[in-house]
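Participant: Take a look at the following structure, please.
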Amino acid sequence: MKVDIVTIFPEYFAPLDLSLIGRARTSGLLDVALHDLRTWTHDVHRTVDDTPYGGGAGMVMRPEPWGEALDAVAPSGARLVVPTPTGAPFTQAAARELANAEHLVFACGRYEGIDQRVLDHAATRMPVSEVSLGDYVLFGGEVAVLVILEAVVRLLPGVLGNADSLLEESHTDGLLEAPVYTKPATWRGHDVPEILRSGDHGRIARWRRDQALLRTAARRPDLLAALSPEDLDKRDMTL
Ligand code: 6GU
């Protein structure tokens with residue numbers, strides 16, 4: 001997968017050299033290029049923002065540098081992703097969809113956002129997704145891109161050593177995953193649930209399913225309500 005990131009703060013992306021994303025890059029599964037938006041300014045001050053039409057607080061990112069940047073790094077065939085608190089929720093399903101793309105371009109907005117015409121114009125040439133991480137506001141899109149990339153890259157074939165872990169994790173079956181434990185069996189007076197040490201794989205699977213349902217009901221009733229009847233089996237109903 002090829003990824004281009006346009007930002008006024010390329011230094012934010014130093015963590016992409018680390019850990020599993022760093023390894024995906026050195027192994028050739030992932031090709032990331034960072035671009036400083038100011039490359040595409042032409043005034044001495046390298047200005048990227050201006051005051052909003054219609055008035056109001058804050059500044060808006062000017063369209064001209066963004067237009068030139070996207071002309072340079074986003075050919076048709078790429079997919080443009082724009083992190084913004086006004087975007088559609090970024091979910092595991094959205095991560096799976098982005099993981100199918102050959103070429104992603106991320107546009108990191110700052111201030112009150114990017115002039116909307118940049119996105120409207122880009123949308124005439126390529127798919128554009130405005131996405132939000134949640135109902136809170138960050139200074140800019142940089143940290144959101146790190147989050148989105150991590151969610152996407154771990155789904156690329158060959159990035160995770162054990163691909164089975166993708167099948168059993170939270171948000172794959174619409175539920176939060178059950179709690180997990182490792183040795184020792186007793187720690188500071190707290191025991192690992194006996195059933196996990198029983199060796200009875202049928203009972204363990206049922207216990208994990210029950211814990212996932214209870215946890216999801218307690219913490220994310222919205223997820224439970226969104227499950228279709230086929231996602232629940234008969235024994236789920238007796239819980
Ligand atoms: Cl994706 N960007 C910004 N700037 N703020 C956010 C966000 C994204 N998601 C939640 N808040």
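Every number here is computed from the coordinates shown, using simple stated rules; none is lab data. Just so you know, these numbers come straight off a predicted model, no measurement behind them. Counting neighbours? That spans all protein chains shown, and the Cβs are built from the backbone with ideal geometry, glycine included.
Participant: Each label point is 7 Å from the Cα along the Cα-to-Cβ direction; what then is the distance between the points at T124 and D233, in nm?
Facilitator: Label-label distance for T124 and D233, simple model: 5.4 nm.
Participant: For the chain, what relative contact order do you get, as a whole percent, if you take Cα pairs closer than 8 Å and at least 6 residues apart?
Facilitator: Relative contact order of the chain: 18 percent.
Participant: Under a GNM of the chain (C-alpha, springs under 10 Å), which listed residue has the highest mean-square fluctuation: A101, A185, A88?
Facilitator: Among A101, A185, A88, the largest GNM mean-square fluctuation belongs to A185.
Participant: Could you work out the relative contact order of region 52-124, using alpha carbon pairs under 8 angstrom and six or more residues apart, expressed as a whole percent?
Facilitator: Taking the mean separation of contacting Cα pairs over the length of region 52-124, I get 49 percent.
Participant: Label points 7 Å out from Cα along the Cβ direction at S19 and H201: separation in nm?
Facilitator: 3.1 nm
Participant: Moving to a separate point now. For region 1-111, what does the relative contact order come out to in percent, with C-alpha contacts under 8 Å and a separation of six or more?
Facilitator: Working: 139 pairs, mean separation 38.8, N = 111.
This gives 35 percent for region 1-111.
Participant: Rounded to whole Å, give me the distance from the Cα center of region 32-91 to that of region 161-213.
Facilitator: 44 Å
Participant: Then there is this: For region 149-233, what is one quarter of the convex hull surface built on the Cα atoms, given in nm²?
Facilitator: Over every viewing direction, the Cα hull of region 149-233 projects on average to 7.8 nm².
Participant: OK, next. May I ask what percent, to the nearest 5, of DSSP beta bridges between residues of region 1-160 are antiparallel?
Facilitator: Bridges in region 1-160 that DSSP calls antiparallel: roughly 10 percent.
Participant: Loop-only check: which GluC sites (Glu not before Pro) in region 93-195 are DSSP coil with at most 10 other Cβ within 10 angstrom?
Facilitator: Listed in order of number, the matching sites are E102.
Participant: Which ³J(HN,Hα) values in Hz, rounded to whole numbers, follow from the phi angles of region 34-40 under the Karplus curve 6.51 cos²θ - 1.76 cosθ + 1.60, where θ = phi - 60° and Gly and Pro get x?
Facilitator: Listing the rounded values in order: 9, 9, 7, 3, 5, 3, 9 Hz.
Participant: For region 2-153, what is the convex hull (Cα atoms) projected area averaged across all directions, in square nanometres?
Facilitator: The Cα convex hull of region 2-153, projected and averaged over all directions, gives 9.2 nm².
Participant: Helix-only estimate, please: 222 nm mean residue ellipticity of the chain, summing -39500 (n - 2.57) across DSSP H runs of length 4 or more and dividing by its residues, to the nearest 500.
Facilitator: Roughly -9000 deg cm²/dmol at 222 nm, from the helical runs in the chain.
Participant: If the chain between L138 and R96 were fully stretched, how many nm would it gain, using 0.36 nm times the residue separation less the Cα-Cα distance?
Facilitator: 12.7 nm
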